[in-house]
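Have a look at the structure below before the remarks.
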Amino acid sequence: MDNRREREREARIQNLSSQVTKHPQQQPNINAIISYYEMDGELPTPGGKIVYAFGGKVKRDTVDRFRRDVDQEKSIPWIEVIRFRFHFRLHWYNDTSLAY
């Protein structure tokens, strides 16, 4: 794995760790994504797949698949996406509508 991807993964883990205290209701989802990254899980890709968790279970798939999952799940997801080439943003949605 190249150093840039490893640094990005470490930054995501650190940022996610700080999010647990801000969003305690999302702790199972955040911890699941942290574990996913610690086990060398793939990062989100620009224009490609996103990483998200429902009920403490991580998925990496397309936005279209995420939308289908939102319709089927009964819990609030934690979502990681890439908006810009070298930046990432964490999004937590209070409902099932997506803000793009």
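The Cα atoms of the range 1-68 give a gyration tensor whose axes a ≥ b ≥ c have a/c of 1.5 or more with a/b no greater than b/c, which makes the shape oblate. Is the C-alpha gyration tensor of the range 29-73 telling us rounded, prolate or oblate? Criteria: a/c under 1.5 is rounded; beyond that, a/b larger than b/c is prolate, otherwise oblate. Oblate is the answer for the range 29-73, as a/c is 1.5 or above yet b/c matches or exceeds a/b. Note on Asp71 and Asn15: the extension gain reaches 17.4 nm, defined as 0.36 nm multiplied by sequence separation minus the Cα-Cα distance. Ignoring aspartates and glutamates fewer than eight residues from Lys59 along the same chain, the ones with Cα atoms less than 16 angstrom from its Cα are Glu38, Asp40, Glu42, Asp69, Asp71, Glu73, Glu80.
Each label was represented as a point 7 Å from its Cα along the Cα-to-Cβ direction; for Asp2 and Glu38 these points are 2.7 nm apart.
Tell me the per residue accessible area of the range 4-83 using a 1.4 Å probe; a whole number in Å² is fine. Intermediate values should be presented prior to the final figure.
Values: 4370 Å² over 80 residues.
Counting only protein heavy atoms, the per-residue value for the range 4-83 is 55 Å².
The values are calculated or read from the model by the stated rules, or taken from the named source; none is laboratory data. Note that the structure is a prediction, hence the values are computed from the model and not measured. Backbone-built Cβ (ideal geometry, glycine too); neighbour counts: all protein chains shown. All accessible areas refer to the heavy atoms of the entire protein, side chains included, with ligands and DNA or RNA removed. Shrake-Rupley method; radii C 1.70, N 1.55, O 1.52, S 1.80 Å.
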